[in-house]
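Visitor: Okay, here's the structure, questions in a sec.
What follows is calculated from the coordinates using simple rules that are stated; it is not laboratory data. Keep in mind that this is a model prediction, so the values were computed, not measured. Every residue, glycine among them, receives a Cβ derived from its backbone with ideal geometry; neighbour counts consider all protein chains shown.
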Amino acid sequence: MSRKHINKYFQKYHIFCYSAILSVILYACNVTKKVPDGEFLLTKNKFEYTDGKVLGDELPDLVAQKPNKNTLLFLPLGLVFYNAANPKYDTILKEYMTYPSEMRNQKLRDSLAVKYNHPEYVGKNLFWNRFFHTVGTPPVILSDAKTKQSAKSINNRLINRGYWDAEVKTNVEKDSAAKKAEVEYVITHKDPTYIKEYYYNIPDPNIRALYEYKLDKSLVRKGQILDEGVLEKEITRINELMKNEGYYKFNNDNQDIYFVADSLKSRKDVPVVMSIHKDSVDTPYRKATIGNIKVSVARNINNTEKLPLKDSLRGISINRKDSAYTLNSLWLPITIKKGEVYKQANLDLTRRNLIAMNNFTVLKATDELRKEGTAAERDSIIDVEYVLKPLPKYEFNIATDIHYSQILNFGFSPSVDLTTRNVFGGAENLVTSFSGIIGTTKDPKNPNAFFNAYELSAQTSLQFPRLLVPIRRYYKLVPKRYSPTTSINLGASVQNNIGLGRINFNTGLSYNANVNDGLVQHRLTLFNTQLSLTQNKDRYYDYFPADNEYRQNIFDLYKIDHPEITPENNYSYDQISAIILGDTPFITNLLAADSGLLYNYMQSIYNKERQTQDVIISSLIYNFTYNEIGKKDYKNPFSFTGKVEIAGNFLNLITKKEENYLLYGNTKTIFKIPFSQFIKFDFDFRKYFTFFNDRAKPHTLAFRQFVGVGIPYGNSSEMPFVRSYFNGGAYDIRAWVAFGGLGPADSQLDERVRSYAMDNVKLTTSVEYRLPLTDTFEAALFTDAGNIWGLKDNGFGDQFKFKKFISQMGVGSGLGIRMNIAYVNLRLDMAYKIHDPNQPEGERWVIDKIQPLKPTINFAIGYPF
């Protein structure tokens, strides 16, 4: 139904619509409908800080009673639903909802009706009443006891955080007529207690030396507020430090480390002493070593001793029911060695390796001091045992995801995956997947088109939990602690994108390694081969009318002196374009008469050639990642991702046959398909600064710098379409949509032609300030700047030059709102153009042209960086 018809019906029945809306509001206003007489609905908690706000993000969460949430504008929707249920059923339904879901049925409802002396309810389904009880929330009734307990909890938290003399009082405002109440917590924190001096007493010289070696990492400092939370974090830091240096069960009973604050002379400036003692006589701590290592493959924990196959490989005992898994496949993920010094990090890594194999459930992973032997052995040798239960041979999954990309925008992505485990007995997994994407992309022929693109793909990946190399003992070169893996991928896809279909085939052999718990990652891909074939090439001009307009204008001009050169005389468009480009006098005259027409025509040809080309890419790719994000030792994390791709060298050596192409001239081909030859560099730098770390939700200032360069050579004069750069989109320069008219450089080409231009150099700089609003919502302010350039001048000033590139950057700023639901981040960014380099000189700063109600909208999943 169109908007016109909707408005017509709304006007016709407006009395009924307004009546319905008013009824809902009036009904919702009766929020105290189920508040008993003499009780009060808690509507608000207020906090007054008499001497300055402290711990403002923490203290409200300590209140035991919180009002019903307003989930629909100003309405507590959950309470509204709860009140919608008939009150006469409340007693029955309250108890009914306490039962497990599998027990809730008509029989239970009938028994409860009899229990509460309501035989007339027997047999009633009560569907809507049950629904309202399920989705609704009962009214929060003011409790004086919980209010007092909340004040006490707030006071205790202030004391723990260093405010020893804090006071918390409460004021309760009750409205007997409305049956509503508000609670005000009056907080006076007074001056905190500071650490005047910090000392440590550690009799064990080895423990003392290790502590002093990492003293710069200590969280306790002179001059800080004496915060128990910080002291607890310091204890945790020391525990981890010692355990990773071989001191097993260090402070296991939380009695070895303690802090003493001397408040005899002052309650505001106190000296603090941290002590570490193993016992009352200061027995020295002993480093532990790994003893026996046992791995069992069994269906349950209890029958490991009955397993018939008992073997040993390089110091590890391996027990199995059969030989379904080879000894080597069970030895490789174990990163600990018999006799080495205990490190908790190695045990954690081994467990992660076993889980990452996706072949087992870890039923048991124990490490404990040896129970037999000498006293020294019982105090310093750790025996380790793993019991692994094989997962099912086959696993079948069906899923539907929401999909988003820079080009395809939002869409739906159904998929079917089949995992076949332990294919060759070495814990190899074969993953076969079929997926589809249905989405919307920008269509210059039909801008309002919706769901006008799709992709169907089939992918197969054979994954090895080891390096697949001819060197048998490669682990001497690449240690097991790097968790090396190999994958062989093969896939095909069919795309339909604004009428120009594309068929892709891909394959590759990849090696992966993680160093230092994933802080550094390496990925090397050999024989990465991609074949891309474009369909419906002859329909290109149907979907790009601006390109067709410039092509036709040039053809008409050329036809004046060459009437025989026309499509009617069996000349193809490409043949006519080749003749025109080879006619030097005509090009010279046109350049002098109307250079803009010529350059737009040339760019339209580049657009067509890149977007319709068939190409083979055979490359070697190396990816390097350094990522501090999520690592607890890095307060302001940094990440770097680098990628180098070299393509076409091998094919260039073995290929001789050439074909002639419109723009590229004589080009070597394989099966009449040209192959690309290039080297490509991508570098992505990211840095995050956090502020207000004492709050539950700190603020974040995020930076990103992307640098990309593609250098074609040999058999290629331009980068292939699938390796070229473009501007705009929700993860790039957000003031422009993808292919939205930014670049190349500051060229003055027609925007309709320029929008689909791609090039070989890209710079993008972004800065974003993220401000938490609630547990769910987050605001952001951002600025993006960047553009694309060519390595050579195509005639309209698109070449990258160090003296000019800053003035050629497109700049956009805006604000955004993000919603975090479980592990999904939904993002809405509204951006405005600040500097548009493709406007005429003198008109490029466009701040004065900003229309606040007409931003560039970017709706996406996940952070932009």
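Visitor: About the Cα centre of the range 194-276, how large is the charge dipole given +1 on each Lys and Arg Cβ and -1 on each Asp and Glu Cβ? Please answer in debye to the nearest 20.
Guide: 240 debye
Visitor: Which whole-number percent gives the relative contact order of the range 478-623, counting Cα pairs below 8 Å spaced six or more residues apart?
Guide: Averaging sequence separation for qualifying contacts and normalising by length gives 27 percent for the range 478-623.
Visitor: Quick one: of K643/K792; K249/K364; K249/K476; K287/K635, which pairs are farther than 25 Å apart, Cα to Cα?
Guide: Among K643/K792; K249/K364; K249/K476; K287/K635, the Cα-Cα distance tops 25 Å for K249/K476; K287/K635.
Visitor: If amide H atoms are built 1.01 Å from N in the plane of the peptide, which residues on other chains or at least 5 residues away come under 5 Å of the amide H of D614?
Guide: Those lying under 5 Å, H to H, from D614 are T534.
Visitor: Here's a follow-up. Using a simple spin-label model with points 7 Å from Cα along the Cα→Cβ vector, what separation in nm is obtained for K559 and D538?
Guide: If labels sit at K559 and D538, their model points lie 1.9 nm apart.
Visitor: With every atom except the alpha carbons ignored, what do you get for Rg and Dmax of the range 313-420, in angstroms?
Guide: According to the Cα coordinates of the range 313-420, Rg and Dmax are 20.4, 68 Å.
Visitor: What list of ³J(HN,Hα) couplings, whole Hz, do you get for the range 667-678 from phi and the Karplus terms 6.51, -1.76, 1.60, once you set θ to phi - 60° and write x for glycine and proline?
Guide: 9, 5, 9, 10, 6, 6, 10, x, 10, 8, 10, 6
Visitor: Please work out the FRET efficiency for the pair M97 and N70, using the Cβ-Cβ distance as r and a Förster radius of 25 Å; give the result to the nearest 0.05.
Guide: Between M97 and N70 the formula returns 0.60.
Visitor: With the cut-off at 23 Å, report for the range 65-200 the share of all Cα pairs above it, as a whole percent.
Guide: Tail of the P(r) past 23 Å holds 58 percent of the pairs.
Visitor: Further question on the same structure: Pairing the Cα long axis of helix 228-243 with the longest principal axis of the chain, what angle in degrees results, from 0 to 90 and rounded to the nearest 10?
Guide: So the helix axis and the longest Cα principal axis differ by about 70 degrees.
Visitor: Next up: Just want to confirm a number: the relative contact order over the chain, from Cα pairs under 8 angstrom separated by 6+ residues, in percent.
Guide: About 6 percent, as a whole number.
Visitor: Placing +1 on the Cβ of each Lys and Arg and -1 on the Cβ of each Asp and Glu in the range 98-229, which of W164, I141, H189 has its Cα farthest towards the positive end of the resulting dipole?
Guide: My answer, from the dipole projection, is I141.
Visitor: Let me ask something additional. Just rank I576, I670, fewest to most, by other beta-carbon atoms within 10 angstrom.
Guide: Least crowded to most crowded, the residues run I670, I576.
Visitor: Once phi is turned into θ = phi - 60°, what whole-Hz ³J(HN,Hα) does the Karplus curve with 6.51, -1.76 and 1.60 give for every residue of the range 412-429, x standing for Gly and Pro?
Guide: After applying 6.51 cos²θ - 1.76 cosθ + 1.60, I find 10, 9, x, 8, 10, 10, 10, 10, 10, 9, 6, 5, 10, x, x, 6, 7, 10 Hz.
Visitor: What does the range 529-613 give for Rg and for Dmax, in Å, if only its C-alpha atoms count?
Guide: 13.7, 47
Visitor: How high is the FRET efficiency between D775 and I806 when r is their beta carbon distance and R₀ equals 56 Å, given to the nearest 0.05?
Guide: 0.85
Visitor: What ranking of S755, S813 emerges when the number of other C-beta atoms within 10 Å of each C-beta is taken as an exposure proxy, fewest first?
Guide: S813, S755
Visitor: Compute, for the chain, the length of the dipole vector about the Cα centre, with Cβ point charges of +1 (Lys, Arg) and -1 (Asp, Glu) only. Units Debye, rounded to 20.
Guide: For the chain, the charge dipole is close to 2300 debye.
Visitor: Among A399, N623, I857, whose Cα sits farthest toward the positive end of the charge dipole of the chain (+1 at Cβ of Lys/Arg, -1 at Cβ of Asp/Glu, about the Cα centre)?
Guide: In the chain, that residue is A399.
Visitor: If you put +1 on each Lys and Arg Cβ and -1 on each Asp and Glu Cβ, how big is the dipole of the range 289-390 around its Cα centre, in Debye rounded to 20?
Guide: I would put it at about 320 debye.
Visitor: I'd like the orientation of helix 14-29 relative to the chain: the angle between its Cα long axis and the longest Cα principal axis, in ° from 0 to 90, rounded to 10.
Guide: Roughly 30 degrees, rounded to the nearest 10.
Visitor: Could you calculate the FRET efficiency of K792 with A356 from 1/(1 + (r/R0)^6), where r is the beta carbon distance between them and R0 is 60 Å, rounded to 0.05?
Guide: 0.85
Visitor: If you don't mind, another one. For the range 203-354, what is the convex hull volume of its Cα atoms per residue in Å³?
Guide: Value for the range 203-354: 161 Å³ per residue.
Visitor: Right, next: If packing is taken as the average number of other Cβ atoms within 10 Å across a peptide's residues, how do 319-325, 372-378, 624-630 rank, most packed first?
Guide: 319-325, 624-630, 372-378
Visitor: Further question on the same structure: Most exposed first by the Cβ proxy, i.e. fewest other Cβ within 10 Å, how do W789, W164 rank?
Guide: Neighbour counts put them in this order, fewest first: W164, W789.
Visitor: Tell me, what HN-Hα J-couplings in whole Hz come from the Karplus equation 6.51 cos²θ - 1.76 cosθ + 1.60 at θ = phi - 60° for each residue of the range 803-810, using x for Gly and Pro?
Guide: My calculation for the range 803-810 gives 6, 10, 5, 5, 6, 9, 7, x Hz in order.
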